[in-house]
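Everything below concerns the one structure shown next.
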Amino acid sequence: MPNQPLRPAPGDMAPGDIAPAEFAAAGHALIDWIARYLADAEQYPVLSRASPGQVRSALPAAPPALGEPFAAVMADVERVILPGVTHWNHPGFFAYFAISGSAPGILAELLTAALNINGMLWRTSPAATELEQLTLDWLRQLLGLQSGWFGMITDTASISTLLALAAARETQPALAVRSRGLAGRPDLPPLRIYTSAESHSSIDRAAITLGFGHDNVVHVPVDNDFRMRPDALANLITEDRAHGRLPIAAIATVGTTGSGSIDPVPAIATVCEREKIWLHVDGAYGGTAAVVPELQQVLAGVDRADSLVINPHKWLFTPIDCSALYTRRPDVLRRAFSLVPEYLSTTAPDEVVNYMDYGIQLGHRFRALKLWSVIRVFGALGLADRIRYHCALAREFAAWVDAASAWRRVAPVHFSLVCFRYNPGDPDLNDEETDALNAAILERVNASGEVYLSHTKLAGRYTIRLAIGNVRTELRHVATAWRLLQDAAATVRR
């Protein structure tokens with residue numbers, strides 16, 4: 001009847017979850033599958049060969065009416081999903097920034113899913129908040145940073161940078177952006193953000209999202225090693241002030257995506273301090289190298305910054321997603337975002353942290369558990385050894401490139417990224433034709449299925465990138481990439 005409340009019939013049992021015994025059996029089988037996969041990921045082509053629509057068309061268009069056993073799900077994973085997977089956990093994955101989910105991180109991620117915590121407030125799971133604070137302080141110590149940094153884990157560096165720029169804007173309370181916004185404000189001057197011409201596009205995206213406007217992202221010229229020029233930064237700020245624009249923040253990068261270059265953070269910090277603007281350091285990739293004691297100088301000057309991002313899911317063997325945002329001014333970050341409706345107000349002590357106050361997302365995943373597990377299982381020495389080994393592999397590969405007359409390295413090797421291009425020195429080939437030749441080489445290498453590399457443009461020219469970062473990558477995988485590159489060059493030149 002209408003308006004009749006829905007009640008279970010007397011004696012009915014709640015549908016509930018699958019039976020514990022069924023879960024245990026499926027779980028044991030899944031762990032065995034994952035162990036085999038990690039041990040033998042090389043059986044798969046690194047780059048998926050799926051065509052558009054292949055995965056979707058191989059699965060039913062409508063959901064099942066009756067439940068199926070998890071074994072049926074895994075059967076379709078093997079049959080349909082795996083052919084459509086590009087294997088980022090493959091030791092021959094050298095594209096973008098190579099990443100890997102290590103075994104301790106994978107196990108902790110499973111535990112995280114089982115606990116299913118939303119750590120938005122301290123009281124919604126005190127362990128989630130306090131373990132995150134502890135783990136990020138551990139990471140701070142591993143990086144050699146001074147005390148006094150507030151840390152929070154987000155999903156990606158894109159969000160970490162967006163939050164940092166929102167805080168930078170909040171350092172100018174007279175602008176009243178939080179309350180009045182930016183739209184329709186003739187009283188506001190253009191708000192300017194400065195970053196390297198080689199910086200990550202997430203900075204531009206954050207500026208667009210926050211309403212600064214893409215035209216107000218000023219890309220500072222770089223030197224011959226693709227590093228931001230502090231003198232050019234200072235001149236651009238002076239010019240903007242003279243034209244009535246308001247400088248808000250600068251972003252320096254430690255390990256740019258294109259070339260792995262390291263901006264001169266100490267000199268940039270001096271400019272930012274003098275101009276009283278926020279300094280954010282993007283160390284998403286390269287900053288991780290500071291866990292190696294002899295490489296801690298890559299973060300020189302960072303303790304003078306206002307915020308910093310490091311991505312453990314890039315080069316600290318933690319399953320994606322896990323991005324560590326640090327700031328020395330958490331009060332400003334909180335002022336930018338804190339908004340507490342009555343249903344979320346608590347009587348917790350003032351000293352506790354409620355992570356919902358420091359970002360745009362109310363929900364807060366228990367990501368600290370996997371990072372904490374990785375640090376504990378590998379230890380400080382083990383983490384340093386693995387990153388040190390990757391850097392040594394990159395130097396070895398760079399030496400092969402340098403020794404080959406038909407190849408040219410086009411950027412310094414600071415970390416585990418090597419940028420190079422085929423350059424046969426043929427007077428009949430112009431720059432554009434050489435670019436096309438490099439693109440053809442890369443396409444042929446990636447079609448092999450044995451390795452996967454990506455490209456960029458440096459100084460306007462097509463450049464191949466080999467990035468090492470997988471915990472299972474060995475010298476033989478790097479040697480395979482070099483052999484395939486040479487073979488491809490010989491083939492496309494015929």
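Per-residue extension of 0.36 nm, minus the Cα-Cα distance of A113 and Q297, leaves a gain of 62.5 nm for this segment. Sort the chain into rounded, prolate or oblate with this rule: let a ≥ b ≥ c be the square roots of the eigenvalues of the Cα gyration tensor; rounded if a/c is under 1.5, and if a/c is not under 1.5, prolate when a/b is larger than b/c, oblate otherwise. Here the chain falls in the oblate category. Normalising the average separation of contacting C-alpha pairs (under 8 angstrom, six or more residues apart) by the number of residues puts the relative contact order of the chain at 21 percent.
In terms of packing, defined here as the mean over residues of other Cβ atoms within 10 angstrom, the peptides 126-132, 359-365, 376-382, 18-24 line up highest first as 126-132, 359-365, 376-382, 18-24. Counting only residues at least eight positions apart within a chain, or on another chain, the aspartates and glutamates with an alpha carbon under 17 Å from that of K370 are E109, E130, E132, D137, D155, D321. Relative contact order, whole percent, for the stretch 118-365 stands at 27, derived from Cα pairs under 8 Å and 6 or more residues apart. With a/c under 1.5 counting as rounded, go ahead and sort the stretch 118-365 into rounded, prolate or oblate using the C-alpha gyration tensor (a ≥ b ≥ c being the square roots of the eigenvalues; past the cut-off, prolate if a/b is larger than b/c, else oblate). Oblate. Quick one: pull the percentage of alpha-carbon pairs in the stretch 267-387 with a separation above 19 Å. Of all Cα-Cα pairs in the stretch 267-387, 59 percent lie more than 19 Å apart. Note on K457: lysines with a C-alpha under 30 Å away, same-chain residues under 8 apart excluded, are K314. Note that the stretch 437-494 carries a Kirkwood radius of 12.0 Å, evaluated over its alpha carbons pair by pair. Prolate is the label for the stretch 216-277, because the ratio a/c of its alpha-carbon gyration tensor axes (a ≥ b ≥ c) is 1.5 or higher and a/b is greater than b/c.
How many angstrom separate the Cα center of the stretch 266-328 from the Cα center of the stretch 190-261? After rounding, the separation between the Cα centres reads 16 Å.
Sorting the segments 338-344, 416-422 by their mean number of nearby beta carbons within 10 angstrom, highest to lowest, gives 416-422, 338-344. Each helix, a run of at least 4 DSSP H residues, gives -39500 (n - 2.57); summed and divided by the residues of the chain, these come to -12500 deg cm²/dmol at 222 nm.
Read the figures in this text as sums done on the coordinates, not as results from a lab. Keep in mind the model is a prediction, meaning the values are calculated, not measured. Every residue, glycine as well, gets a Cβ built from its backbone with ideal geometry; the counts of neighbours run over all protein chains shown.
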